[in-house]
Amino acid sequence: MDVIEKIEQIQRRCEDLRLAGKILALVPTMGFFHEGHLELMRVAKRNADAVIISIFVNPTQFGPSEDFAAYPRDMEGDLAKAKNVGVDIAFTPSVKEMYPEGFQTTVSLGNLTNHLCGLSRPGHFQGVTTVVAKLFNIAKPHLAVFGQKDFQQLTVITKMVKDLNMDIQVVGMPTYREPDGLAMSSRNTYLSGAERKSALALKKSLDLASGMYDRGERDAARIKAAVEETILSHPHTEIDYVTVCDPVTLEDVETLTGETLIALAVRVGKTRLIDNCLLGSDSK
Ligand code: AMP
């Protein structure tokens, strides 16, 4: 596996692969790999001739009071795991390489980012779309793989690709979970033992919503109230949002008619966790 820090170098390497007729897949990440990340890489591997990952803790998607400095990092461990999965190229740029002095161009979306995490993390999605657009221009992949755990991120990137006519297939993969149901996240490492137990509130509340739906409940307010009650019955939890919405527009719904997204963000102690599920589809 090649480890490349410089943009010019990886652009040349990717261009050579494309000219040789290879299909390229990109998996953008912020590192500190868990099985969820590795699963995205495996899917990329199955669907492309060459897999490129990026490991970059992107400062522009963190708010001033968020955890950019504290975000867990383990470059050596990550590179070993990626190599083991069969990744061909790891792109590991510095902040200066990605944002040299005088950098001033951004990519931002309209309405899609005025929902869910966009409301509690102003500027977050502009940071995400700008860095992902840069990574797409750097690697020029044929496909890019993202996780549905960050459902809004996947929706926003899919829309950016469509609106800006980027010739890239965006692939969304189901959330990978710990055996007890907790969605894998690099931020789980922040949780104390007691908080780790309380963090199960997220999946439990989604399962409750799913059960209500299966029994015929279609009223969004009643489902939301039950989800909130379940979360708050666990100690150390504080709800950022619980939303019952359309999975494409992310607009709130009052009645569940078609496929519906239940998305939540919960603070467990100081750690902000997100999770979601789709109701009314095969991929609950
Ligand atoms: P991150 O490093 O947290 O920015 O995540 C990099 C990619 O991995 C994103 O596309 C995430 O949606 C995806 N991802 C993170 N956690 C999971 C998970 N538990 N299951 C599947 N994909 C995940």
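The values are calculated or read from the model by the stated rules, or taken from the named source; none is laboratory data. Remember, predicted model here, so these are calculated numbers, not experimental data. Backbone-built Cβ (ideal geometry, glycine too); neighbour counts: all protein chains shown. Accessible surface is based on the protein model in full, side chains and every heavy atom, while ligands, DNA and RNA are left aside. Shrake-Rupley method; radii C 1.70, N 1.55, O 1.52, S 1.80 Å.
Quick notes on this structure:
- Single condition Asn84 does not satisfy, out of (1) in a loop (DSSP other than H, G, I, E, B); (2) closer than 19 Å to His37 by Cβ: (1)
- Subset of the stretch 169-178 (residues that are more than 14 Å from the ligand (Cβ to nearest atom) and either modelled with pLDDT under 95 or open to solvent by less than 60 Å² (accessible area, probe 1.4 Å) (or both)): none
- Some residue of the stretch 59-71 being in contact with a strand residue (DSSP E or B) (Cβ under 8 Å, 6 or more places away or on another chain) and modelled with pLDDT of 95 or more: no
- Residue match in the stretch 246-256 (condition: assigned to a strand (DSSP E or B) and hydroxyl-bearing (Ser, Thr, Tyr)): yes
- Yes/no for Val27 being more than 11 Å from the ligand (Cβ to nearest atom), assigned by TED's automatic domain parsing to the domain that holds Val132, open to solvent by less than 50 Å² (accessible area, probe 1.4 Å) and not in a helix (DSSP H, G or I): no
- Checking each residue of the stretch 10-21 against the condition of being within 15 Å of the ligand (Cβ to nearest atom), surrounded by fewer than 19 Cβ atoms within 10 Å (Cβ to Cβ) and not charged (D, E, K, R) gives no match.
- Subset of the stretch 87-145 [open to solvent by less than 20 Å² (accessible area, probe 1.4 Å), touching a helix residue (DSSP H, G or I) at 6+ places or on another chain (Cβ under 6 Å) and part of a loop (DSSP other than H, G, I, E, B)]: Val87
- Of all residues in the stretch 195-203, none satisfies being within 27 Å of Glu15 (Cα to Cα), modelled with pLDDT of 95 or more, crowded, with 18+ Cβ neighbours inside 10 Å and within 14 Å of the ligand (Cβ to nearest atom).
- Residues of the stretch 182-194 satisfying the condition of being more than 13 Å from the ligand (Cβ to nearest atom) and open to solvent by less than 30 Å² (accessible area, probe 1.4 Å): Leu191
- Of the numbered criteria (1) within 13 Å of the ligand (Cβ to nearest atom); (2) of a type outside the set (S, T, N, Q); (3) over 19 Å from Lys149 (Cβ atoms), the one Lys83 fails is (1).
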